[in-house]
Amino acid sequence: MLLVATCVGPSDIEGVGVFSETHIREGTRIWTFDPRVDRCYSRRDVKTAPAAFRELIERYAYFDTELDGYVLEGDHGRFVNHSLTPNVAFQRGGDGFALVDIRPGEELVCDYRDFEDSPVMLPSRYAALQRTHDEALPAVMRRRYAERVERHVFGE
């Protein structure tokens, strides 16, 4: 569960990302596993679940060896993007901390290897959808579609 005020918005890294709404000081604990918000699913849970649920886990969860399960964050945390120059760090089965001072509006990014042995970077669904729309729609329709999506998704 994120312990700092955040919002989800368009990211230069991947589709959407998590952005700080306040100044976060270096060393601040920003995340902790809280079963009231976050869920940990066993391998068996995932294996026997419907395909749509398995796809959700594949896209948004990670396997935590300390918890021996797939962690699916129940808040904005599932949208934190990967970076080789992170501003937050996570411990397996534990907490996340700010590595540097983080300004309001700055994207929270982490190195997925902090909590997963071999993270798999899935192809961007956002980029794939964007390419499909760019090829199929005339420019004016793409612009209208993008504006509608932004209003719906981001409340703009």
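Using only Cα atoms, locate the centre of region 9-28 and the centre of region 39-66, then give the distance between them in Å, rounded to an integer. Cα centres, region 9-28 to region 39-66: 25 Å.
Karplus-based coupling profile of region 47-60, in residue order and whole Hz: 4, 9, 7, x, 4, 4, 5, 4, 5, 4, 4, 4, 7, 10, with θ = phi - 60° in 6.51 cos²θ - 1.76 cosθ + 1.60 and x standing for Gly or Pro. Indicate the gyration tensor shape class of region 65-106 (rounded, prolate or oblate), computed on the Cα atoms with a ≥ b ≥ c the square roots of the eigenvalues: a/c under 1.5 is rounded; otherwise a/b larger than b/c is prolate and the rest oblate. Taking the square roots of the gyration eigenvalues as a ≥ b ≥ c, region 65-106 is prolate.
Put simply, the amide H of residue 62, placed in the peptide plane, has neighbours under 5 Å in 71, leaving out anything fewer than 5 places away on its chain. Give me the net charge of residue 79's neighbourhood, meaning all other residues with Cβ under 12 Å from the Cβ of residue 79; Lys, Arg count +1, Asp, Glu -1. Counting the neighbours of residue 79, the net charge comes to -2. Amide H to amide H distances under 5 Å link residue 6 with 21, where only residues 5 or more positions off or on other chains count and H is placed in the peptide plane.
Treating only the Cβ atoms of Lys and Arg (+1) and Asp and Glu (-1) as charged, compute the dipole magnitude of region 6-122 about its Cα centre; round to the nearest 20 debye. Before the final figure, lay out each step's value.
Details: 13 positive and 22 negative charges, 76 e Å.
It works out to roughly 360 debye.
Here the Karplus relation 6.51 cos²θ - 1.76 cosθ + 1.60, evaluated at θ = phi - 60°, turns the backbone of region 78-92 into coupling constants of 5, 9, 5, 8, 7, 8, 7, 10, x, 10, 9, 10, 10, 10, 4 Hz, with x for every Gly and Pro.
Every number in this text was worked out from the coordinates using simple rules, so none of it is lab data. Because the structure is predicted, anything quoted here is derived from the model rather than measured. FYI the Cβ positions are ideal-geometry reconstructions off the backbone, even for glycines, and counts take in every protein chain you see.
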